[in-house]
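The values are calculated or read from the model by the stated rules, or taken from the named source; none is laboratory data. Just so it is clear, the model here is predicted, and its values are computed rather than measured. All Cβ positions, glycine included, derive from the backbone under ideal geometry; neighbour counts span all protein chains shown.
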Amino acid sequence: RKEVEQDPGPFNVPEGATVAFNCTYSNSASQSFFWYRQDCRKEPKLLMSVYSSGNEDGRFTAQLNRASQYISLLIRDSKLSDSATYLCAVTLLITGGGNKLTFGTGTQLKVEL
Amino acid sequence: NAGVTQTPKFRILKIGQSMTLQCTQDMNHNYMYWYRQDPGMGLKLIYYSVGAGITDKGEVPNGYNVSRSTTEDFPLRLELAAPSQTSVYFCASSLRDGQFFGPGTRLTVL
C-alpha cells in the first residue's frame, strides 16, 4: 500500500462548480498535513495546512480525519485559474527535528467554461 | 527575498558525465531537501539536511551525493549520470513544517 494515495483524476468540472478531493495516508504516526498546488512544469506551492478542526482560506476548505486517516480539500466556485494538479502531503518527524514530507501522486483538476 | 533558487534550469548530460545541481535559500531555514519528480510518480526524497554539516539519505539516494557547508546552500552531485536519473529535480527548504520549493532543474541523461 502506498504511503499517501490520491485519485489521479482528471476531474473536469465547469466553472463555478464545487469539487472535492480526498487523500488517504497509511502511517498513523503522521504528524502534519498539507495541500500543495502544482501547475504544469512548475514547482509545488504550498496551498494550505490541514488541521483536525478544519480550516478555510477563501474558496478552499481543508479537513483532516485522523481516525480514518484521510484528508480532504474542497474548492467552491471553481475558477479557470484553479486548473492544476493538487498534491497532498503528510509529514513524519525525522532525526534532528526536520520533517519528511511524503507526497501523493496528485489529482489533476481541469476547470472548463 | 528570492526564496529558493536553483541552477541550472535545464541540462542534458551524456551517460557517465557528472554534474552539480545548485540550490540556495535566503530564508535562513535550517532544513533543506532534494526531491526528484518523474511523470505520474510523485515526488521522491533523495537527501535532506537538518542544518549545516548534517545530511542524511531519503528514499532514493543511490547515485547522488550532497553536502551542506552553509545554511544557505545545499548542492546535489551526480557522479556517473545514468538514463534513470532523467527527471525534474526540486530543492526545498523549511523552518519547520510547510516546505518551500525552488523552480526545479530539468535533467535529461542520454
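Assorted remarks:
- Close Cβ contacts (under 7 Å, 6 or more residues apart or on different chains) running from residues in region A:70-82 that are touching a residue at least 60 places away in the same chain (Cβ under 8 Å) to residues that are surrounded by 18 or more Cβ atoms within 10 Å (Cβ to Cβ) comprise A:78/A:19; A:78/A:111; A:79/A:111; A:80/A:111.
- Which numbered condition residue A:59 misses (of (1) closer than 25 Å to residue B:49 by Cα; (2) modelled with pLDDT of 95 or more): (1)
- Just one of the listed residues (A:72, A:83, A:78) is within 22 Å of residue B:88 (Cβ to Cβ), at pLDDT 95 or above and among the hydroxyl-bearing types (Ser, Thr, Tyr), and it is A:83.
- Any hit, region A:30-39, residues being more than 14 Å from every other protein chain (Cβ to nearest Cβ), touching a residue at least 24 places away in the same chain (Cβ under 8 Å), small (Gly, Ala, Ser) and in a loop (DSSP other than H, G, I, E, B): no
- Candidate set: region B:55-110, residues that are under 15 Å from residue B:25 (Cβ atoms), assigned to a loop (DSSP other than H, G, I, E, B) and charged (D, E, K, R); chosen: the one farthest from the other protein chains (Cβ to nearest Cβ): B:72
- Members of region B:61-93 found to be among the β-branched types (Val, Ile, Thr) and either touching an Asp or Glu at 6+ places or on another chain (Cβ under 7 Å) or within 20 Å of residue B:104 (Cβ to Cβ) (or both), listed by number: B:66, B:86, B:88
- When residue B:47 is tested against (1) under 15 Å from residue A:100 (Cα atoms); (2) in a loop (DSSP other than H, G, I, E, B); (3) more than 10 Å from every other protein chain (Cβ to nearest Cβ), just one condition goes unmet, and that condition is (2).
- Boolean, residue A:68 is in a loop (DSSP other than H, G, I, E, B), within 19 Å of residue A:26 (Cβ to Cβ), away from chain B (no Cβ under 14 Å) and among the polar types (S, T, N, Q): yes
- All positions within region A:1-29 that are at pLDDT 90 or above, within 23 Å of residue B:104 (Cβ to Cβ) and assigned to a loop (DSSP other than H, G, I, E, B): A:10
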